[in-house]
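A.B. asks: First the structure, which I've put down as structure tokens, then a few questions once you've had a look.
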Amino acid sequence: MEPSSEVRSYTNGEKRRVKHLTVFLVETYVVKPEKQAELVPLYQKFIKIMEDKKGKFKEAKSFKLYSQWFGAVGGYIGIWEFSNMADCEKWSNNAEADEELMKPYQEFLNSVLVPRTYFMHVWRDVLEHTVKC
């Protein structure tokens with residue numbers, strides 16, 4: 001599928017059609033202190049299930065898990081990368097329909113996280129600039 005595109009105006013007056021090459025599904029949350037050790041193994045289980053179902057979840061290009069150093073203690077950010085919004089939606093729909101995959105995900109949501117700390121966002125590029133120093 002072709003990436004979506006839009007016309008962008010730049011401060012120098014130039015207008016250019018740009019393609020959105022990447023979409024990120026970003027999850028932010030806080031893990032209960034007593035459940036910290038369970039997080040990475042739970043993600044590994046989730047990812048293994050996806051990898052075992054060859055092709056069903058191929059839309060996800062990568063996944064990275066970050067921990068916060070400041071702010072919410074036990075705060076994490078999980079970032080899934082997709083080529084475009086259609087791939088993100090397809091992956092999400094396939095995940096929600098897969099009962100085996102939803103078991104560890106529901107465990108994650110219901111027993112590992114501090115209540116009301118889970119948020120999901122979809123990010124796409126808006127500005128790209130190469131810094132030349």
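A.B. asks: Taking interchain pairs and intrachain pairs at least six residues apart, which have beta carbon atoms under 9 angstrom, with the first residue in the range 51-68 and surrounded by fewer than 14 Cβ atoms within 10 Å (Cβ to Cβ) and the second modelled with pLDDT under 90 and aromatic (F, W, Y)?
C.D. replies: E51/F57; L65/Y43
A.B. asks: Identify, by number, the condition in (1) hydrophobic (A, V, I, L, M, F, W, C); (2) under 16 Å from R124 (Cβ atoms); (3) modelled with pLDDT under 90 that A72 doesn't meet.
C.D. replies: For A72, the exception is condition (2).
A.B. asks: Considering the range 69-99 alone, what residues qualify as being surrounded by 15 or more Cβ atoms within 10 Å (Cβ to Cβ) and of a type in the set (D, E, K, R)?
C.D. replies: Selection gives E81, D87, E89, K90, D98.
A.B. asks: All but one of (1) more than 14 Å from Y29 (Cα to Cα); (2) touching a Lys or Arg at 6+ places or on another chain (Cβ under 8 Å) hold for K56; which doesn't?
C.D. replies: All conditions pass for K56, except number (2).
A.B. asks: Which numbered condition in (1) exposed (fewer than 12 other Cβ atoms within 10 Å of the Cβ); (2) in a helix (DSSP H, G or I) is the only one that E107 fails?
C.D. replies: (1) is the only condition that E107 fails.
A.B. asks: Quickly run through the range 94-124 and pick out the residues that are without any contact (Cβ under 8 Å) to a residue 24 or more places away in the chain and under 21 Å from K45 (Cβ atoms).
C.D. replies: Once the filter is applied, which keeps residues that are without any contact (Cβ under 8 Å) to a residue 24 or more places away in the chain and under 21 Å from K45 (Cβ atoms), the range 94-124 yields E96, A97, E99, M102, K103, Q106, L109, N110.
A.B. asks: Sticking with this one: Taking only the range 77-93 into account, find how many residues are farther than 15 Å from I47 by Cβ and assigned to a strand (DSSP E or B).
C.D. replies: Counting residues in the range 77-93 that are farther than 15 Å from I47 by Cβ and assigned to a strand (DSSP E or B) gives 2.
A.B. asks: Would you please name the residue that is nearest to E128 (Cα to Cα), looking only at residues in the range 23-70 that are part of a helix (DSSP H, G or I) and in contact with a Gly (Cβ under 7 Å, 6 or more places away or on another chain)?
C.D. replies: Ranking the qualifying residues of the range 23-70, first place goes to Q36.
The values are calculated or read from the model by the stated rules, or taken from the named source; none is laboratory data. Remember, predicted model here, so these are calculated numbers, not experimental data. Cβ: placed from backbone, ideal geometry, glycine included. Neighbour counts: every protein chain shown.
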